[in-house]
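Encoded as structure tokens, the structure appears first; notes follow it.
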Amino acid sequence: VQLQASGGGLVQDGEFLRLSCRVSGRPFSGSGMGWFRQSPGKEREFVAAIRWSGVTRYADSVKGRFTISRDNAKNTVYLQMNSLKPEDTAVYYCALDPRGGWGFDNWGQGTQVTVSS
């Protein structure tokens with residue numbers, strides 16, 4: 001299975017970005033998808049996830065600003081990030097749970113998001 005993340009970049013405080021993660025090599029149907037991030041010197045942390053059923057959950061730090069969604073016809077999961085803050089700066093990774101839930105064991109290569117103040 002391959003997870004190809006894209007959409008990162010350099011933005012200013014308060015701006016937005018949309019990350020995409022396209023899945024190939026296995027059926028997208030039935031998979032749970034998630035986004036994680038890692039900043040220099042910090043451990044990887046959970047950002048958002050969406051079950052195959054459509055149920056979502058978010059880290060408290062991004063609730064109300066980020067939205068995770070999926071397009072099953074395109075084998076793609078998205079992370080819409082609004083009102084970005086400098087503390088959102090990190091490498092963002094997408095992840096897949098083939099069982100449809102939150103147990104992620106397939107990971108993409110990451111995309112850099114940098115928010116300047």
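Derivation of every value follows stated rules applied to the coordinates shown; laboratory data play no part. Bear in mind the structure is a predicted one, so any value in this text is a computation, not a measurement. Virtual Cβ from ideal backbone geometry, glycine too; neighbours counted across all protein chains shown.
So the values come out like this:
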| quantity | calculated |
| --- | --- |
| Cα-based reach from Lys42 at 22 Å (exclusive), listing lysines while leaving out same-chain residues under 8 positions away | Lys63, Lys85 |
| Label zone at Arg44 (point 7 Å along Cα-to-Cβ), backbone N below 18 Å, segment 64-88 | 77-79 |
| Fraction of antiparallel bridges per DSSP, the chain only, in percent to nearest 5 | 90 |
| Glu87-Arg26 FRET efficiency (beta carbon distance; Förster radius 35 Å; 0.05 resolution) | 0.55 |
| Percentage of interatomic Cα-Cα distances in the chain larger than 16 Å | 55 |
| Table column - 3J(HN,Hα) (Hz), segment 89-106, Karplus curve with 6.51, -1.76, 1.60, x for Gly and Pro | 4, 4, 8, 9, 10, 9, 9, 10, 10, x, 8, x, x, 10, x, 7, 9, 10 |
